[in-house]
1. Using just the helices of the chain, give the 222 nm mean residue ellipticity in deg cm²/dmol: DSSP H runs with n ≥ 4 each add -39,500 (n - 2.57), and the total is spread over all residues, rounded to 500.
2. Chymotrypsin sites (Phe, Trp or Tyr not before Pro) within the range 2-53: which are DSSP loop residues with at most 16 other Cβ atoms inside 10 Å?
3. Aspartates and glutamates within cross-link reach of Lys26: Cα-Cα under 14 Å, excluding same-chain residues under 8 positions apart?
4. Once the mean 1/r over all distinct Cα pairs of the chain is inverted, what Kirkwood radius in angstroms do you read off?
5. May I ask you to list the lysines whose Cα is less than 18 Å away from that of Lys34, ignoring any residue fewer than eight positions away on the same chain?
Amino acid sequence: MVLADLYDAIGRLTQAAGRWRRKPPKVAPYPRPKARRRRVTTMADIKRTYLSR
């Protein structure tokens, strides 16, 4: 995610520092990785795992 932020910052600097005759080109933001959803382990799951052996 840090690299995606760095990419976006460079894009904004390019947009701000350039000499554009018209509107500056839009720089698309870098796609962020999506957070994975973790399964919550309950005490019942732990008991079931160890008692089933």
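Taken together, the values in this text are just the output of simple stated rules run on the coordinates, not laboratory data. From a predicted model like this one, the values you see are computed outputs, not experimental measurements. Heads up, the Cβs are rebuilt from the backbone with ideal geometry, glycines too, and the neighbour counts pull from every protein chain shown.
1. My calculation for the chain gives -15000 deg cm²/dmol from helical runs alone.
2. On the way: sites: Tyr7, Trp20, Tyr50; in loops: Trp20.
Passing both the DSSP loop test and the Cβ count: Trp20.
3. Asp8
4. Taking the inverse mean of 1/r over all distinct Cα pairs, the chain comes out at 15.4 Å.
5. Within reach: none.
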